[in-house]
Number of protein chains: 2
Amino acid sequence: METKIESLTIGKVARLAEIGVETMRFYEREGLIESPPRRASGYRQYPSDTVDRVRFIKRAKALGFSLREIKELLSLRAAPRTKCTDIRQRALRKIQDIDEKTDTLRRMRKALTKLVAECEGSRPVTECPILASLSTQKEKP
Amino acid sequence: METKIESLTIGKVARLAEIGVETMRFYEREGLIESPPRRASGYRQYPSDTVDRVRFIKRAKALGFSLREIKELLSLRAAPRTKCTDIRQRALRKIQDIDEKTDTLRRMRKALTKLVAECEGSRPVTECPILASLSTQKEKP
DNA sequence: CTAAACCCTGTAGTATGGTACGGGCTGTAT
DNA sequence: ATACAGCCCGTACCATACTACAGGGTTTAG
């Protein structure tokens, strides 16, 4: 134990982030996590914060962001040369995306809550509140 | 013009919901929208509320719900025989999912806002607030 | 020292969610 | 009445995001 610097094998990162080892390598090929240093044997050595990065990827994916979009999100600060105005623009755009998603979730939640209330009141559930709550909203592509 | 009942062709629904005609038929095959009545010619005749249903599908997809999950969401009220307690259970479960997603979005938004603030202050952007804001969160699978 | 568990590269296969024909009727506007 | 957009079905193909080998070297616990 020469260096006590925290470094993890691919398998450990994968277990901590709850994804597969193959997926780790896939993300590396896709440029979502950078190619880590290697031991003499060729084994990857990850810094421990990689786990957070992978968890982030996992969560963002669950929110409907594509790997391409996630890459963009992660690279917002990555390039140190990038003009601040540029970063700002892109970040603001992402915030808009997020606000739209949040709003849709809020409406879905409201609809489901209504459904639950109807069920508790033991009244017949004939109409679909999920649809009803969304029906008036126009989409802005 | 015998019947003034609002009914739309597949193409009209598709245009209104901003998806492709092929996708409409795909969703029908997958059971996400029910097989509508047909004219003598075989042409599908959709009631106008189908547009809302399709828009809902589109939005839910953008939030990371799979078609299977969306089908579940849409069928919560669909089966009138379903026990209320059962519907309630499933709805509550979905609300949990939604709350988790909302929370992640909230944190992402906060991180991006911070990033924007840093850019406005024209300070160097060295750290990645997106990751930082998520790093302390443990995942609950 | 050796066996089990891990890691390596490369390639191939899978699931999901569409998208694009081909070949052929139908509706409608001029 | 005819052209041309729109619809029908069936099948094939596509991108994305994994997932699973095959064939081989490496670590590490006992």
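The values are calculated or read from the model by the stated rules, or taken from the named source; none is laboratory data. Since we're looking at a predicted model, the values are computed, not measured. No Cβ is skipped: glycine too gets one built from the backbone with ideal geometry, and neighbour counts run over all protein chains shown. Quick note on the areas: whole protein, heavy atoms, side chains included, nothing else; ligands and nucleic acids left out. Shrake-Rupley method; radii C 1.70, N 1.55, O 1.52, S 1.80 Å.
Selection of first residues in region A:7-20 that are at positive phi and of second residues that are within 10 Å of DNA strand D (Cβ to nearest atom) and not in a helix (DSSP H, G or I), restricted to Cβ pairs under 8 Å at least 6 apart or on distinct chains, gives an empty result. Of all residues in region B:25-52, those satisfying the criterion of being open to solvent by 50 Å² or more (accessible area, probe 1.4 Å) and within 14 Å of chain A (Cβ to nearest Cβ) are B:Glu34, B:Pro47, B:Asp49.
Across region B:60-93, the number of residues qualifying as within 7 Å of chain A (Cβ to nearest Cβ), at pLDDT 95 or above and buried (at least 19 other Cβ atoms within 10 Å of the Cβ) comes to 1. Screening region A:1-56 for residues that are modelled with pLDDT of 95 or more and in a strand (DSSP E or B) and picking the one that is farthest from DNA strand C (Cβ to nearest atom) gives A:Pro47.
Of the residues making up region B:73-82, at least one is more than 10 Å from DNA strand D (Cβ to nearest atom) and either outside any loop (DSSP other than H, G, I, E, B) or on the phi > 0 side of the Ramachandran plot (or both).
Within region B:7-24, can one find any residue that is open to solvent by 50 Å² or more (accessible area, probe 1.4 Å), away from DNA strand D (no atom under 14 Å from the Cβ) and more than 18 Å from the chain's Cα centre (by Cα)? There is no residue in region B:7-24 that is open to solvent by 50 Å² or more (accessible area, probe 1.4 Å), away from DNA strand D (no atom under 14 Å from the Cβ) and more than 18 Å from the chain's Cα centre (by Cα).
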